[in-house]
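Below: the structure, in structure tokens.
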Amino acid sequence: MEVMLATRAEGNTALAAVFSSEYPKLVRLAYLLTSNNALAEELAQEAFVRAWSRRSSIQKEEALPAYLRRTVINLANSSLRRRRLERRALATRGEEAGQQDPTRHLDCIQALRRLPSRQRACVVLRYYEDLTEVQVADLLGISVGTVKSQTHKALQKIKESLGGDRYVG
């Protein structure tokens, strides 16, 4: 037990040292990819959170900066893809012309809260976090088929809760 604690403490110290040296570089990288200061900081922080959660699988300390850069690039790509999809959805629904229903957001949040926890987790990880079905399955410890079925059921419940095609399209 003491050896494990010593190893964990060393890992924490190593990650803190990498944070000090790499964080500004990662923020710069994210900014150059997204042109958004706040988003760049979020992406750099999220990269470290993901590295922290996967620290046992990163065998060599010198591999960590490359892992962090790749994570920032993937997160930036996901963010940009999500923003493009959101803009496209707004344009096709005519909401940019001021036809937006002010209760829409609250209705969606309420519908999401009413879902069972596994279905809610699948939807949030899949569509908000923009993870693949395989990543969601791995994260939740379930099969890809279960992710697909739980996500489908959740979207059907949300659609019913929101009055059919009123919001979900």
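The values are calculated or read from the model by the stated rules, or taken from the named source; none is laboratory data. Keep in mind the model is a prediction, meaning the values are calculated, not measured. Cβ coordinates were reconstructed from backbone atoms using ideal geometry, including for glycine residues, and neighbour counts include every protein chain displayed.
Taking interchain pairs and intrachain pairs at least six residues apart, which have beta carbon atoms under 8 angstrom, with the first residue in the stretch 60-75 and in the same structural domain as Pro24 (by TED's automatic domain parsing) and at positive phi and the second part of a helix (DSSP H, G or I) and small (Gly, Ala, Ser)?
Final answer for the pair search is none.
Would you please list the contacts, defined by Cβ atoms under 7 Å and residues six or more apart or on different chains, that run from a residue in the stretch 136-152 that is over 23 Å from Arg114 (Cβ atoms) and in the same structural domain as Gln119 (by TED's automatic domain parsing) to a residue that is among the β-branched types (Val, Ile, Thr) and surrounded by fewer than 15 Cβ atoms within 10 Å (Cβ to Cβ)?
Qualifying pairs under 7 Å: Ala137/Val144; Val144/Val134.
Residues that are among the basic types (Lys, Arg): list the helices (runs of 4 or more DSSP H) wholly contained in the stretch 114-166 that include at least 2 such residues.
Working: elements: 117-123, 133-140, 144-161.
Hits in the stretch 114-166: 117-123, 144-161.
Would you confirm whether or not the stretch 13-33 contains a residue that is surrounded by 11 or more Cβ atoms within 10 Å (Cβ to Cβ), under 21 Å from Glu129 (Cβ atoms), charged (D, E, K, R) and at pLDDT 90 or above?
Within the stretch 13-33, none of the residues are surrounded by 11 or more Cβ atoms within 10 Å (Cβ to Cβ), under 21 Å from Glu129 (Cβ atoms), charged (D, E, K, R) and at pLDDT 90 or above.
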